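Every number here is computed from the coordinates shown, using simple stated rules; none is lab data. Keep in mind the model is a prediction, meaning the values are calculated, not measured. Don't worry about glycine lacking a Cβ; one is built from the backbone with ideal geometry, like all the others, and counts go over all protein chains shown.
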Amino acid sequence: MAGRISYSYQRSLIERQQESEDKMLKEFEAGNYTIDNPMVVVNPYLIVPLSAVVLFMTDTETAVTVTVRGKERYGDIRHTFPKAQKHILPVLGLYAGYENKVEIELYRGKKKTITIQTEELDKDVPVCISMKTSPGYLRDQMIFISPALNQLATAYDYRGDIRWHINVPTVFDIKRLRNGNLLMSTERLIEMPYYMSGLYEMSMTGKIYREYSLPGGTHHDDFEMPDGSLLVLTEDLRSDTVEDMCVLIDRESGEILKTWDFKDVLTPGEGRSGSATSKDWFHNNAVWYDEKTNSLTFSGRHVDAMINLDFDTGKLNWIIGDPTGWPEEKLPYFFKPVNEPFEWQYEQHACVVTPDGDVMCFDNGHYRSKIKEHYLKNKDNYSRGVRYHINTDEMTIEQVWQYGKERGADFFSQYISNVEYYGEGHYMVHSGGIQYYKGEAYEGFAANMQGDPDISTRSVTLEVLNDEVVLELVVEGNYYRGEKLSLYHDMCNLKTGPAKRLGHMGVTKEFDTIIEMDSCYQVLPDRYAASIKEEDDRFTFKATFEKGQLVMLTLEKGEEKHGYYISTSANQLTALCCGTFVSKDDRDVTLSVNKAGLRGLYAIKVIVDDEKYETGITVDCGRP
Amino acid sequence: MLKEITEKEYEQYRGSSLVLADFFSSTCGPCKMLSYVLKDIEAQYGDSLIILKVDFDENKELVEEFQVTAYPTLILLKEGKEVERMQGLAAKPAIIKMIEKYKEEK
């Protein structure tokens, strides 16, 4: 046997960023950069191409104002940095493929205008169809949208111009932490369709400060607690169910402090929504902590309900949802509607608890019934943002606000989407999953049909102030959530230095039966287009197999064997909140194996039907 | 015991104390994997458990009789009556757990 399949080693994003930063700082220290001759590095952290860092020294400590000149006056983005002698200043809000004029002004001193040329963004960048608002309304804030299909997270200004974009698939929500940093998922997929290794805490320039890894990975949502610890939605990837757990992680160590397993309060299979499966029985898509009641609210798409648990005891407090079909013993947890109009939410996303205890969500309305015979087709359906007032003493519920129903199927998202609460009468409603097939609301998932000319997708993000729409962004594609954020904030916008990798990956689930077969001593044939990408804590196998082939990857070290079954069957998913990693060719397979739990050197082999092939690759999983 | 059978051959096992029927297709990856799992299970139980493999595409009357809609499907029959069903590729511990539940009842 000679040769091997395609192999690459990928250093972590943190390592690559550190190398880039070290190079930038070394050059800066070696040079003599002043405001007349500043050093400028575009995209020094590799993942935010519309950012730059300007570096220079001043003789005395002085504050500096940086202004990225807009294409018109209202488009200026300005920030004043605190006084210093050594200035390492993030420049945010550059336009793509443009000679950006950036002013640097010392407090009561010199002003210098520099030009920063940026490259065009990739062709997959989300296309803004329209943005209707006023610069006075949005001011220095941007509308950020995060991916649900193959486009990546992007931010738009009041004109619909792109002013921020990330070029790696960090998916699910973009949260701003109280220290000003962003919290997003990593770009590291650990299991299809969208289970990610953990979270990045990063600056708007893309500089990662902390990478949190979790044994069960992350999906959908996270929440910063008042003490700074993080609630993260996760699961036990070694169990038979998914998307039904939440953990609290320590911000400094990444260690898990507390775990909530929804199987402790609900029985899988009860209260099923139209999309529920035995594996994805709850489909937790949001978490919210309410300090006043010391409770957690979770949105479960596949039970058509939002549940509330006591933070300390984990006991079930209440359930918001249509009680039809739930078992008798759960009915006392449900509310009784009072006053008209009132409608329950179905397959909802993104629960929010307002300061006065009201509960909001994006009511996707998918199927809009608990009774199969009454399911609504998508083309006849609607989605809405909704706010409920609940009385937990009398167990009554009142619908106090809604928006979206009046827009019918053109605002309907069977999946994803969110609402945001800014103040009384002031909300965001993001319907990010609008899908059409031949012009009519699509009943399937566009992620499975990417590239089909008959499929078109839309995302509508709007803001309502006292029942008036004051902003409406329409973008081609589907986007998981919308968020309104400023590019700069009042705390430290960029801190150089090493990042931390916290927490740990889990042991990848093995298949209990290993196929005993001798190797044919041939390398896996080229027709399978197989590749292995190794990282310091795992490796990822990719290949293309025909439907119905039996495929198992094995790791072998002498008599020690580990087997990982790879499905080549068509995957009938009923929920696909992030289709970013779904391949256009449904024969493609991806398997990620963590090094956790393994020790020493393992030969990687692949069984395809009746042959066991060599890959020619040995993976080092650390000291035996 | 593990054996692939036809509709006709099934008659001799109908009413047996405990039968695990595997409805499979030769065009299905999970079915192929399940056949290795069942070999493992056979090694554990020997003749105390009858495992019958039924080709989904070749035995339509049995497919209809047991209302099998997808493959692989495992059906556990106790004295001819269905007592448990598993759809999709199941791992060995889950199958053993199911068998043990009804073996104990003997």
Apply 1/(1 + (r/R0)^6) to the Cβ-Cβ distance of residue A:7 and residue A:264, taking R0 = 41 Å, and write down the FRET efficiency to the nearest 0.05. 0.40
How much of the calculated P(r) for region A:275-392 lies past 18 Å, in percent of all Cα pairs? 50
Compute log10 of I(q)/I(0) for region A:32-117 with the Debye formula, placing one identical point scatterer on every Cα and leaving out solvent, at q = 0.12, 0.13, 0.19 Å⁻¹, to two decimals. -0.32, -0.37, -0.80
Shielding by partners for A:543-552, please: the mean number of other protein chain Cβ atoms within 10 Å of each residue's Cβ. 3
Backbone N under 13 Å from the residue A:29 label point (7 Å along Cα→Cβ), restricted to region A:482-520: A:497-498
Can you tell me how much longer the chain between residue A:454 and residue A:240 gets when fully stretched, taken as 0.36 nm per residue apart minus their C-alpha distance, in nm with one decimal? 73.4 nm
Starting from the Cα of residue A:316, move 7 Å in the Cα-to-Cβ direction to define the label point; list residues of region A:359-384 whose amide nitrogen is under 19 Å from there. A:370-371
What's the local net charge at residue B:27, with K and R +1, D and E -1, over the other residues with C-beta under 9 Å away? 0
Calculated from DSSP helices alone, with each H run of at least 4 adding -39500 (n - 2.57) and the total divided by the residues of chain A, [θ]222 nm to the nearest 500 comes to -1000 deg cm²/dmol
Run the simple label-point estimate for residue A:137 and residue A:438 please: 7 Å along Cα→C-beta, distance reported in nm. 3.7
Between residue A:618 and residue A:529, what FRET efficiency follows from the Cβ-Cβ distance if R0 is 30 Å, with the result rounded to 0.05? 0.90
Mean-square fluctuation check for chain B, GNM, Cα pairs under 10 Å: which of B:12, B:44, B:87 is largest? B:12
Among the Cα-Cα pairs of region A:413-459, the proportion with separation greater than 17 Å, in percent, is 40
How do A:491, A:24 line up, fewest other C-beta atoms within 10 Å first? A:491, A:24
Loop GluC sites (Glu not before Pro), region A:347-415, which have at most 10 other Cβ atoms in a 10 Å radius of their Cβ (DSSP): A:394
Approximate shape of the protein assembly as shown as ellipsoid semi-axes (Cα gyration tensor, √5λ), whole Å, largest first: 48, 34, 22
Cα centroid distance between region A:59-97 and region A:251-291, in Å? 43
Filter the cross-link list B:8/B:32; A:23/A:484; A:175/A:258; A:279/A:372; A:605/B:92; A:372/B:32 down to pairs whose alpha-carbon distance in this structure exceeds 27 Å. A:23/A:484; A:372/B:32
Value of Rg to Rh for region B:2-103 (Rh from inverse mean 1/r over Cα pairs, i.e. Kirkwood): 0.91
Summing Lys, Arg as +1 and Asp, Glu as -1, what charge do residues with Cβ under 10 Å from the Cβ of residue B:74 carry, residue B:74 excluded? -1
FRET efficiency, 1/(1 + (r/R0)^6) with R0 22 Å, evaluated for residue A:343 and residue A:374 via beta carbons: 0.95
Kindly give the semi-axes, whole Å and largest first, of the ellipsoid equivalent to region A:507-620, taking each as the square root of 5 times a Cα gyration tensor eigenvalue. 23, 17, 13
Computed over region A:1-159, the ratio Rg/Rh where both radii use C-alpha atoms and Rh is Kirkwood: 1.05
